[in-house]
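A.B. asks: Once you've had a glance at the structure underneath, I'll fire off some questions.
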C-alpha cells in the first residue's frame, strides 16, 4: 500500500470505528480529538506537525463513559462530540461534550481537560 491514483485505498491508522473528530492548530502544535467507539471514550493526540505519525503518537483518554445519573469528573453517560473550543490552549484545553441518552435528555457541556500531555 502506497497512495497513487488507481491503487486500493490505504488507511492512516489501524482499522477502527471513529466518531466525531476535530483537528485544530494551537500554540505551534496540532491537536486531534475524537469519539472512540470501541472502547467508548473521547481521546486526544498532540502532534508537532499535521503529518506526524498517528501510530506512534500516544493517545490520551479525556472522557470515559458511565451510566445516567452517575456522571462525575470526566465520566459522562452516552458521550459524543469532543470538539475543541476555539481559543483553547494546551494549558487551558476545553472541549464540548454532547450527551443524548433518550428523546428528552440532550445537552452540551464544556469540559476543561487538566494534565493533557504535550
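What follows draws every value from the coordinates through simple rules; no lab data is involved. Just so you know, these numbers come straight off a predicted model, no measurement behind them. Note: ideal-geometry Cβ built from the backbone for every residue, glycine included; neighbour counts use all protein chains shown.
A.B. asks: Express the relative contact order of the chain as a whole percentage, based on alpha carbon pairs under 8 Å and six or more residues apart in sequence.
C.D. replies: 18 percent
A.B. asks: Right, next: Give the calculated FRET efficiency between residue 49 and residue 18 to the nearest 0.05, with a Förster radius of 22 Å applied to their Cβ-Cβ distance. If you can, show how the numbers build up before the last one.
C.D. replies: Details: r = 21 Å, r/R0 = 0.94.
For R0 = 22 Å, the calculated efficiency reads 0.60.
A.B. asks: For residue 77 and residue 8, what is the calculated FRET efficiency with R₀ set at 35 Å and r taken between the beta-carbons, to the nearest 0.05?
C.D. replies: Working from the Cβ atoms, E equals 0.30.
A.B. asks: Right, next: Taking square-rooted eigenvalues a ≥ b ≥ c of the alpha carbon gyration tensor, is the range 1-75 rounded, prolate or oblate, where a/c under 1.5 means rounded and, failing that, a/b exceeding b/c means prolate? Please list the in-between numbers first.
C.D. replies: Values: a/c = 3.09, a/b = 1.62, b/c = 1.91.
Taking the square roots of the gyration eigenvalues as a ≥ b ≥ c, the range 1-75 is oblate.
A.B. asks: Please list, short to long, the whole-number percent of alpha-carbon pairs of the range 25-113 in consecutive 5 angstrom bins beginning at zero.
C.D. replies: Bin by bin from 0 Å, the calculated values are 3, 13, 24, 24, 17, 11, 6, 3, 0.
A.B. asks: With both partners inside the chain, how many of the DSSP beta bridges are antiparallel, as a percent to the nearest 5? If you can, show how the numbers build up before the last one.
C.D. replies: Values: 33 of 36 bridges.
Percentage antiparallel, nearest 5: 90.
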